[in-house]
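Presented below is the structure to which this report refers.
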Amino acid sequence: MTTRPLPPATLAWSVWGLGALLYLIGFYQRVAPAVISDRLMAEFAITGAALGNLSAFYFYAYVLMQVPTGILADRWGARKLLTAGAALAAIGTVVFAMSHSLAWASFGRLLIGGSVAVAFVSMLKLATHWFAPRQFALASGMALFVGIVGGVFGGVPLRLLVDAFGWRPVMLVSAAVTAVLAVAIWLRVR
């Protein structure tokens with residue numbers, strides 16, 4: 001059995017890290033409605049139950065994308081899948097931020113959930129190509145760490161930003177960051 005030469009560690013971690021950033025954004029987006037719940041309820045004149053349903057649109061799409069994500073990762077590769085996921089997440093975030101009806105806000109959340117669902121599987125695929133097999137568990141553990149950090153950013157830091165600037169501008173900046181990530185993934189990931 002022949003072993004392939006491994007790329008430099010900094011290159012491997014930077015390529016993998018771009019996928020990890022989309023996973024971080026996914027966790028951030030997962031918890032964001034809970035942090036801005038009062039703003040969303042007032043903006044759309046909805047009850048707690050309707051807010052729960054708005055938040056759940058993320059999960060509906062996320063769950064439905066799990067099996068297709070594995071198939072797409074094998075067929076398209078991590079680069080195309082992560083780029084498409086980040087681009088659609090940016091679009092979904094813009095739709096959510098600009099929506100003036102509950103239906104459009106729900107559609108934005110649906111797009112976000114379905115698109116960030118590709119991050120974890122794609123990160124694992126990148127790990128199999130860029131790391132030695134003995135580093136796979138480390139990369140998997142770091143992936144979960146990065147995801148939780150995204151959840152932390154979606155907590156108090158997000159609330160402070162929303163209090164200072166409003167939820168719509170903060171979500172638009174989130175969309176811009178996600179769009180920049182899509183470009184970086186396309187240019188850097190192989």
(message) For the list (1) within 17 Å of GLY154 (Cα to Cα); (2) within 17 Å of the chain's Cα centre (by Cα), I need the number of the one condition that LEU40 fails.
(response) (2)
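Taking the stated definitions as given, is GLY150 at negative phi, under 14 Å from the mean Cα position of the chain (by Cα) and open to solvent by less than 50 Å² (accessible area, probe 1.4 Å)?
Judged against the criteria, GLY150 is a match.
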(message) Given the options GLY52, GLY70, name the one that is closer than 24 Å to GLY85 by Cβ and not basic (Lys, Arg).
(response) GLY70
(message) Can you find a residue that is without any contact (Cβ under 8 Å) to a residue 40 or more places away in the chain, polar (S, T, N, Q) and farther than 25 Å from VAL15 by Cα anywhere in the stretch 124-136?
(response) no
(request) Hey, can you tell me all the residues within the stretch 137-155 that are in a helix (DSSP H, G or I), closer than 23 Å to ALA32 by Cα and touching a residue at least 24 places away in the same chain (Cβ under 8 Å)? (result) MET142, ALA143, VAL146, GLY147, ILE148, VAL149, GLY150, GLY151, PHE153
(message) Cβ contacts < 7 Å: first residue open to solvent by less than 20 Å² (accessible area, probe 1.4 Å), restricted to the stretch 167-190; second residue among the aromatic types (Phe, Trp, Tyr), any location; separation 6+ or different chain. Result?
(response) MET171/PHE96
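The values are calculated or read from the model by the stated rules, or taken from the named source; none is laboratory data. On a predicted model such as this, the values are computed, not experimentally measured, just so you know. Cβ sites come from the backbone with ideal geometry, for glycine too, and all protein chains shown count toward neighbours. Accessible surface is based on the protein model in full, side chains and every heavy atom, while ligands, DNA and RNA are left aside. Shrake-Rupley method; radii C 1.70, N 1.55, O 1.52, S 1.80 Å.
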